[in-house]
Amino acid sequence: MKSGRRDVRSRLRTILSRTRGGALLSAAARRSDEAERAREPEGDAVREGASIVGDDRARDFWNRKHADDVANRAREVPDRDPIDYTQHWFLYNFAVSRPLTGDCARYWLDDVGERHLRPPPERLLALGCGPAFIEQQILERDFAGTIVAYDTSRVAIEAARRRIASTPWADRMDLRVGDPLEAGLADRSFDAVFVEAALHHFDRLEETFALMHRVLRPDGLLLFDEYVGPDLQQYPPELEDLLTRVNACLAPELRRDYETGAVRERVEATPVEVQRERDPTEGVHASQILPLTYRYFEVIDRRDYGGTIVRPLFNRILLNWNFESDPKDQTIAQLVVLLEQELLRHAAIPTHNTIVVARPRPEPLAPLAPSDVERMPYADWRAGRHPRRP
């Protein structure tokens, strides 16, 4: 049986060669926080300048994007997203929820929160919170006592303040415009740090990991959900070739670009200059996230869920699909997800998305060996060197 499995893995690895990785409380304790909190700037006291996400151009981009996203959520019928597969419930259920929880109908936050956020951490720091939708969900589920949430986008924070002001959780969420790297946060002043799809946008990534390590108590938790694939989503040629072969299996009407209407013949990485124009922060140091995580933290739960095929394949063609009611489109989509999950399981492709729960190491490790960094996004490295979730 083991020999047969090795043969399968060998054949699968001929499809795609290995990619290169990047160079990733008690009441007494609560009372002891008071002096530390007094030293922290309140509200928007943190200056807006060169920041965790880069320059003013990056902040302007995020202000526009958050304004559009908040407006779209407020519509009676929100516009469908042409880019992000996770914004389509059918794909999200099969490509995200089921790999993470084993159940299409179960939200990963419920699964991870019940396992790791019970009892709830008293004080949680959220980085890159945007309009703080998921941070609000954390409070709704009683997965944290209070939250201090940072974002460099004033638009996002103001939208979050307006929304949360009328909720029962308003006095438990401190929403701040600014850069946490410049905020003077006290050592060991938080019980948890949470980041949802923001680390891969941070320009000062290693400084961010040092900050998270410093502000957490020794028994604190880091929890993040992140894109950890190639920087700037510059996929290797082997992955582009595989994606192009899958793309060729799709009917022409399913692979028309939503802007140009042209039938896509190849799936290729967006040129860097175009990517930076669309989003100057997208995946800027994404390949370093996992190496920095293992250097600064001891991982206790890691759940890879792919995105390696699903994200680039459906990028810009999502509006051609009727996931809600067309059985043929649903079947094709599920087969694509199945292909991705099997290739991931046999370590033939790396994951591009993962959820991690970790505790701070007493001291950060030295930079990891290149061989570890290279294999880190693959299932066999995780299984061989680090424990799976219980």
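The values are calculated or read from the model by the stated rules, or taken from the named source; none is laboratory data. On a predicted model such as this, the values are computed, not experimentally measured, just so you know. We place every Cβ from the backbone using ideal geometry, glycine too, and count neighbours over all the protein chains shown.
Here are the numbers for the structure shown:
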{"item": "Residue count for the range 136-192, restricted to those that are basic (K, R) and touching a Cys at 6+ places or on another chain (Cβ under 7 Å)", "result": "0"}
{"item": "Which numbered condition A333 fails, given (1) over 19 Å from I355 (Cβ atoms); (2) small (G, A, S); (3) within 16 Å of the chain's Cα centre (by Cα)", "result": "(3)"}
{"item": "Residue in the range 165-183 that is acidic (D, E), in contact with a helix residue (DSSP H, G or I) (Cβ under 7 Å, 6 or more places away or on another chain) and at pLDDT 95 or above present", "result": "no"}
{"item": "Of all residues making up the range 349-371, the number that are surrounded by 12 or more Cβ atoms within 10 Å (Cβ to Cβ), of a type outside the set (A, V, I, L, M) and either in contact with a strand residue (DSSP E or B) (Cβ under 8 Å, 6 or more places away or on another chain) or at pLDDT below 90 (or both)", "result": "7"}
{"item": "Every residue from the range 69-102 that is among the acidic types (D, E) and more than 20 Å from the chain's Cα centre (by Cα)", "result": "E76, D79"}
{"item": "In the range 335-379, the residues that are of a type in the set (V, I, T) and in a helix (DSSP H, G or I)", "result": "V336, V337, V373"}
{"item": "Matching residues in the range 276-299 - criterion: being assigned to a helix (DSSP H, G or I) and hydroxyl-bearing (S, T, Y)", "result": "S287, T293, Y294, Y296"}
{"item": "The range 152-190 - residue that is more than 21 Å from L221 (Cβ to Cβ) and among the acidic types (D, E) and, of those, surrounded by the most Cβ atoms within 10 Å (Cβ to Cβ)", "result": "D179"}
{"item": "Residue within the range 298-305 that is touching a Pro at 6+ places or on another chain (Cβ under 9 Å) and either buried (at least 22 other Cβ atoms within 10 Å of the Cβ) or at pLDDT below 95 (or both) present", "result": "yes"}
{"item": "Residue satisfying condition, being touching a strand residue (DSSP E or B) at 6+ places or on another chain (Cβ under 8 Å) and of a type in the set (K, R), within set R316, R295, R303", "result": "R303"}
{"item": "Hey, Y258 among the hydroxyl-bearing types (S, T, Y), closer than 20 Å to A58 by Cβ and at pLDDT 95 or above or not", "result": "no"}
{"item": "Entirely in the range 70-169, the helices (runs of 4 or more DSSP H) that have 2 or more residues that are more than 29 Å from D326 (Cβ to Cβ)", "result": "108-116, 133-140, 154-164"}
{"item": "Among (1) within 21 Å of L339 (Cα to Cα); (2) crowded, with 18+ Cβ neighbours inside 10 Å, the one test that T270 misses", "result": "(1)"}
{"item": "Selected residue [assigned to a helix (DSSP H, G or I) and in contact with a His (Cβ under 8 Å, 6 or more places away or on another chain)] from R302, R311", "result": "R311"}
{"item": "Test: residue in the range 132-155 that is closer than 20 Å to L335 by Cα and not aliphatic (A, V, I, L, M)", "result": "no"}
{"item": "Hits in the range 97-130 - residues which are among the β-branched types (V, I, T) and out of contact with any helix residue (DSSP H, G or I) (no Cβ under 6 Å at 6 or more places or on another chain)", "result": "V112"}
